[in-house]
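All remarks here apply to the structure that follows.
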Amino acid sequence: MLQIYVKKVKKYTLLHVLFITVLLFYFPVIRAQEKKFTVVIDAGHGGKDSGAKGATVNEKVINLAVALKLGNLIVDKHDDIKVVYTRKTDKFIELDERANIANRNKADLFISVHTNAVSKGSHVAGTETFTLGLARTDENLEVAKRENSVIMLEDDYLQKYEGFDPNSSESYIIFEFMQSKHLEQSISLASDIQKAFSTSAKRGDRGVKQAGLLVLRKTSMPSVLVELGFITNREEEKFMKSAAGQNKLATALYEAFAKYKKEYDKRTGSLKNGSNKGSATKPATTSTTSPKEAMAATTAGTKVGKKEKEIETKGQIVYKIQILTSKRKLARNDRLLKGYKNVSYYEDRGQYKYTYGESADMETIDKMLVKVKKDFRGAFRIAFRDGKRL
């Protein structure tokens, strides 16, 4: 009798163990599937911060209108996406708090909507999209200074932003050392946004750029800052102020977002993506090739006197190291190249810009960059897609 009882106890105990094991393994998976993709849409400026001022409208009004329209498009077309706004009314939100909102909501994407301006030159027009980084031109630095100057409306901004002075060029040196692990996705989204602005909204394309933007500094997800157009240009101000113009801009942003979400589903094997239902994301192959070997392999056959080869992998972002700029075309043995072989160049605004190295792996290029900087102190990483610099 005792033996039968023990056997029954063992039987139920085993069943209980199996049941608990199933819960432990599958419950987190179910919970993960329940989490919606979250996008935070940030309408720049607001409240006491009017942003750039046009002849008839302030930037904060345009930003909010387009942000809300973008959010409505996403909600209407996707039931698996959660939209969070940093503001839905004319309210002042501190820069750090905007990033905090995204982080608290465990956002998968952050889009900050802004309107551009210049102090002189009312003819300047077009859209541009920024990712976090060091501004390489005075023009990009001015955009960063203008967007960051909002912190001066905050209490104790010097303490909160660790002595950062938005009007001092020296303060932006810190962005030289900031390396976002989400940079590739951010650049990819920014490129698609610019393409949609150009093709769908028929706006001028001023390209994808990098700048030291505080609102992007503390976000822990792919992030971009969009400049919809120049409020200092009467024609663009009129377009951005109109409901029709705002609808076109919001639609272009949505198209880029939808493409990003589709690619995100493929990468993550989302159940919402039919063809990838239940499939796992293929792990990246780990290379044992040294940075020096990788550099030699990727640059083989590319010499001074030949333009940059168009990247064979369509749509893939490829990184290179820009080492110098020259007004004249350099010979292969020019002393300015310091003995470097397999150097390539691309032309930009009448100048020859020389690059070294080529890899789809950003870390590989960054390792090369450390060595290259010993010979070219001003060298920095750049990105190309389909043969076009981003």
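What follows draws every value from the coordinates through simple rules; no lab data is involved. As the structure is a computational prediction, the values presented were derived from the model and not from experiment. Reconstructed Cβ throughout: ideal geometry from the backbone, glycine too, with neighbour counts over all protein chains shown.
For the peptides 329-335, 191-197, 39-45, 52-58, the ranking by mean Cβ contacts within 10 Å, running from highest to lowest, is 39-45, 191-197, 52-58, 329-335. Extending 7 Å from Cα along the Cβ direction at ASP386 and again at ARG335 yields two label points whose distance is 4.3 nm. In this calculation the C-beta distance from GLU347 to GLN316 is compared with R0 = 30 Å, giving a FRET efficiency of 0.85.
Among 206-217, 101-112, sorting by the average number of other beta carbon atoms lying within 10 angstrom of each residue, highest first, gives 206-217, 101-112.
Using 0.36 nm per residue, how much length does the chain from ASP366 to GLU235 gain when fully extended, once their Cα-Cα distance is taken away? Could you put the intermediate results ahead of the total?
Details: separation 131, 0.36 × 131 = 47.16 nm, distance 4.25 nm.
Residue separation times 0.36 nm, minus the Cα-Cα distance, leaves 42.9 nm.
A 23 angstrom limit on the alpha carbon distance is what I want to check against. Which of LYS69/LYS266; LYS327/LYS373; LYS69/LYS91 exceed it? Violating the 23 Å Cα-Cα cut-off are LYS69/LYS266. Placing pseudo-labels 7 Å out from each Cα toward the beta carbon at SER119 and ASN103 gives an inter-label distance of 3.3 nm.
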